[in-house]
Amino acid sequence: MFKKNRHGIQIKTPEQLEKMRAAGLVVGRTLQLLKESVQPGMTPLDLDAIAEKAIRDEGAIPSFKGYQGFPATICASVNDEVVHGIPSDRRKLREGDIISIDCGAILDGWHGDSAVTVPVGEVAPELTELMRVTEEAMWRGIAALKVGGHLSDVGHEVEKYVRSQGRYGIPQEYGGHGIGTEMHMDPWVANHGKPGRGPKLEAGMCFAVEPMVNLGTARTKVLADDWTVVTVDGKYSAHFEHSVAVTHNGPWVLTALDGGKERFADLLGESAG
């Protein structure tokens with residue numbers, strides 16, 4: 001049995017959070033390896049093989065593989081693919097591409113889930129900025145995961161930051177989720193909305209915060225494979241994600257190798273300035 005609050009959100013004990021941290025570190029180390037591996041001429045399937053070996057070498061299990069029939073260890077979404085791209089060897093990565101890599105692992109029954117968008121060689125300045133805005137929006141959302149706050153504070157901070165940076169599209173139908181003994185748990189975590197709404201945040205709650213931001217329209221469609229989501233205008237998209245625990249000491253970023261300390265120090269410095 002696992003403790004849940006009145007909204008049905010799983011509340012982890014400190015010991016259970018440590019287990020989630022261990023799973024999160026498997027994902028974090030795997031994504032770091034994948035970021036270092038990306039180069040022109042590789043295929044997304046090459047990256048998938050690297051990810052599966054890295055996860056299994058740590059005694060963990062890829063959580064995506066077989067999930068609702070998904071055939072791979074990672075989601076690999078290139079350029080105008082927003083999320084859920086299936087790795088294949090049908091195309092090679094080219095200089096100037098961007099690739100979003102989403103990765104999950106199960107260790108001792110607990111899940112970690114994280115995503116990064118990586119440039120392939122040198123990319124256009126607007127793509128570097130798109131990735132920066134998306135990652136920063138994620139961190140702004142994560143920083144809102146404070147005991148006593150509300151779940152909608154996350155999406156509000158994500159949207160507020162993205163809107164402040166230019167005319168970007170935020171897909172409304174995709175967002176984050178609860179995480180713990182399952183990869184996807186209630187509640188859904190929107191990337192937009194008004195603050196002060198939804199469940200009140202308690203220590204021991206864990207969420208995956210994952211903004212997706214498009215260069216153009218927010219509108220998307222799903223391809224014939226029933227997985228890959230693309231932008232309808234063909235413009236590029238970025239995706240970043242971390243699994244985060246709510247604690248009395250602030251958000252603990254379970255899939256960040258340093259727990260989020262460096263980025264939170266930067267955010268505190270900005271607010272002080």
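The values are calculated or read from the model by the stated rules, or taken from the named source; none is laboratory data. As the structure is a prediction and not an experimental result, all values here were calculated from the model. All Cβ positions, glycine included, derive from the backbone under ideal geometry; neighbour counts span all protein chains shown.
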- Which of the residues belonging to the range 39-81 are buried (at least 18 other Cβ atoms within 10 Å of the Cβ), within 18 Å of the chain's Cα centre (by Cα) and part of a loop (DSSP other than H, G, I, E, B)? Ser63, Phe64, Ala72, Thr73, Asn79, Asp80
- Item | Unmet criterion (only one of (1) under 22 Å from Ala238 (Cα atoms); (2) acidic (Asp, Glu); (3) touching a strand residue (DSSP E or B) at 6+ places or on another chain (Cβ under 8 Å)) for Glu136 | (3)
- Among the residues of the range 260-270, is any over 21 Å from Thr13 (Cβ atoms), basic (Lys, Arg) and at pLDDT below 95? yes
- Return the only residue of Val209, Val189, Val222, Val213 being loosely packed, with under 15 Cβ neighbours inside 10 Å, out of contact with any Leu (no Cβ under 6 Å at 6 or more places or on another chain) and either modelled with pLDDT of 95 or more or farther than 19 Å from Val253 by Cβ (or both). Val222
- Message: Within the range 241-249, does at least one residue satisfy the condition of being crowded, with 19+ Cβ neighbours inside 10 Å, touching a strand residue (DSSP E or B) at 6+ places or on another chain (Cβ under 6 Å) and in a loop (DSSP other than H, G, I, E, B)?
- Response: no
- Query: Which residues, taken from the range 100-115, are out of contact with any His (no Cβ under 8 Å at 6 or more places or on another chain) and either more than 16 Å from Leu45 (Cβ to Cβ) or surrounded by fewer than 24 Cβ atoms within 10 Å (Cβ to Cβ) (or both)?
  - Reply: Ile106, Leu107, Asp108, Gly109, Trp110, His111, Gly112, Asp113
- Go through the range 41-95 residue by residue and tally those that are without any contact (Cβ under 8 Å) to a residue 12 or more places away in the chain and touching a strand residue (DSSP E or B) at 6+ places or on another chain (Cβ under 9 Å). 1
- Message: For the range 116-136, check the following and say yes or no: at least one residue is modelled with pLDDT of 95 or more, in a loop (DSSP other than H, G, I, E, B) and either acidic (Asp, Glu) or surrounded by 24 or more Cβ atoms within 10 Å (Cβ to Cβ) (or both).
- Response: yes
- Odd one out for Phe207 among (1) under 16 Å from the mean Cα position of the chain (by Cα); (2) outside any strand (DSSP E or B); (3) not aliphatic (A, V, I, L, M): (2)
